There are 2 protein chains.
Amino acid sequence: MRHDHLSTTFAALADPTRRAILARLASGETSVTELAQPFEMTMPAISKHLKVLERAGLIARGRQAQWRPCRIEGRPLGEVAEWVEHYRRFWDESFDRLDEYLVELKAKEKKDGRHE
Amino acid sequence: MRHDHLSTTFAALADPTRRAILARLASGETSVTELAQPFEMTMPAISKHLKVLERAGLIARGRQAQWRPCRIEGRPLGEVAEWVEHYRRFWDESFDRLDEYLVELKAKEKKDGRHE
DNA sequence: CGGTTAATTAACCAATCCGTAAAATAATCC
DNA sequence: GGATTATTTTACGGATTGGTTAATTAACCG
């Protein structure tokens, strides 16, 4: 139902194991077994997490002998950053107060200006 | 099972309807009915989406007569921005190596193409 | 009070998610 | 070829998600 790219990326990031995997990969390419090391989880579980990350374009996988080294791919994170950036003013406190003021003003206009 | 805050935020953002709701709220506080307007979806569905956003702290709701106006709350988005920012170098790099990336992608398509 | 409007809750369903154990694949080494 | 190592696939649960309709709550209005 949800084929859109940004949703896939956000969904992939909505899991602490997967974010931890990305954090590990940020310090360099490595194998699945090594990635699985810190987690109390079976290999197939990790393998599935990697598939989710791969489908979101957050990692890419190579092949060296029987190892399948993973590396991080930053592009989707860039898209997330771009999306989030549109809302920057909302977490900037000084602008928060301004926004509150504007919303109040708008409500007043609505009340005075037309019947609803 | 996944009670960590960042995961909850990412999960809340992993839905185009909810992101559209946030986009609408970015231009000002409004009622549930008005929020529901652009979507081909029943009110309870919207109500559930709002609950997800509220639990993630992405919106707050007030009460004015029988209306329950929603407004956007930026703090969780700030946390997302902060998290994502740690990976900035990876999408800068991928931008620098765009050609390389495209070549790899092409090779991969060639290799995996028959599977799908 | 009774009727209308706004929104949520309850009950349900199908699909997806996150994990498991067991079997299968793939490449390497002897 | 056969054993070993690395990883994925399959099959299966149980929990969660995203939607529905019908019923309910809450506040207003006359």
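The values are calculated or read from the model by the stated rules, or taken from the named source; none is laboratory data. Computed from a predicted structure; not experimentally measured. Note that we place each Cβ from the backbone using ideal geometry, even for glycine, and neighbour counts take in every protein chain shown.
Quick one: how many residues across segment A:40-53 are among the acidic types (Asp, Glu) and touching a residue at least 12 places away in the same chain (Cβ under 8 Å)? So that I can check it myself, show each step before the final result.
Looking only at segment A:40-53, we keep the residues that are among the acidic types (Asp, Glu), and these are A:40.
Among the residues that remain, those that are also touching a residue at least 12 places away in the same chain (Cβ under 8 Å) are: none.
Residues in segment A:40-53 being among the acidic types (Asp, Glu) and touching a residue at least 12 places away in the same chain (Cβ under 8 Å): 0 in total.
Residues that are crowded, with 19+ Cβ neighbours inside 10 Å and closer than 22 Å to A:Ala11 by Cβ were ranked within segment B:20-33; the one that is nearest to the other protein chains (Cβ to nearest Cβ) is B:Leu22.
Identify the residue in segment B:66-75 that is within 15 Å of DNA strand D (Cβ to nearest atom) and within 12 Å of chain A (Cβ to nearest Cβ) and, among all such residues, is modelled with the lowest pLDDT. So that I can check it myself, show each step before the final result.
Taking segment B:66-75 and keeping what is within 15 Å of DNA strand D (Cβ to nearest atom), we get B:66-69.
Now restrict to residues that are within 12 Å of chain A (Cβ to nearest Cβ): B:67, B:69.
Details: B:Trp67: 85, B:Pro69: 94.
Once the filter is applied, the top-ranked residue is B:Trp67.
Scanning segment A:55-70 for residues that are basic (Lys, Arg) and under 18 Å from A:Met43 (Cα atoms) gives A:Arg61, A:Arg63, A:Arg68.
Would you call B:Glu54 buried (at least 19 other Cβ atoms within 10 Å of the Cβ), closer than 19 Å to B:Asp4 by Cα and not hydrophobic (A, V, I, L, M, F, W, C)?
Numbers: buried (at least 19 other Cβ atoms within 10 Å of the Cβ): no; closer than 19 Å to B:Asp4 by Cα: yes; not hydrophobic (A, V, I, L, M, F, W, C): yes.
Criteria not met by B:Glu54.
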